[in-house]
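Below is one structure; the comments refer to it alone.
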Amino acid sequence: MPANKKHLTKSFHQRFAKITAGFFGGYLVTVSLFMALSLWCDRAGTMVTLIFGGFILWAGLMVSAFLFKNGWLAWLLYLALTVAFSAVFYFNQYTATV
């Protein structure tokens, strides 16, 4: 059964933004989140958890990018989350005692 045309994105730029935000942006958010979590939890255990739990989070973020009406808004949200988690990791990596 073919998809209903009224639900498909007509603009190439929006489609491109949603696909790349889901694929690359979701990956960046996932990795930066687990790096920030590694400051408070066991680093080795967190990185092993990234292998399994990271895939589930990444797949969820990939699907959720298509729920946005505007693909560039998805990119903006994913980049903001990536910067926030990376800043937490960057500014706390020398003060953590794990």
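Numbers at a glance
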| read-out | value |
| --- | --- |
| Accessible area of the chain belonging to carbon and sulfur atoms, whole % at 1.4 Å probe | 76 percent |
| Peptides ranked, highest mean first, by Cβ atoms within 10 Å: ranges 44-55, 79-90 | 79-90, 44-55 |
| Cα pair count fraction exceeding 24 Å, expressed as % - the chain | 33 percent |
| Per residue value of the accessible surface for the chain (all protein chains in place, 1.4 Å probe), Å² | 70 Å² |
| By average C-beta atoms within 10 angstrom, highest first, the peptides 26-32, 58-64 | 26-32, 58-64 |
| Modelled FRET efficiency - R0 22 Å, LEU73 with ASN4, Cβ distances, 0.05 increments | 0.40 |
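The values are calculated or read from the model by the stated rules, or taken from the named source; none is laboratory data. Not measured: the values here are computed from a predicted model. Neighbour counts run over all protein chains shown; Cβ positions are idealised from the backbone, glycine included. Surface areas here come from the heavy atoms of the whole protein model, side chains and all, with no ligands, DNA or RNA. Shrake-Rupley method; radii C 1.70, N 1.55, O 1.52, S 1.80 Å.
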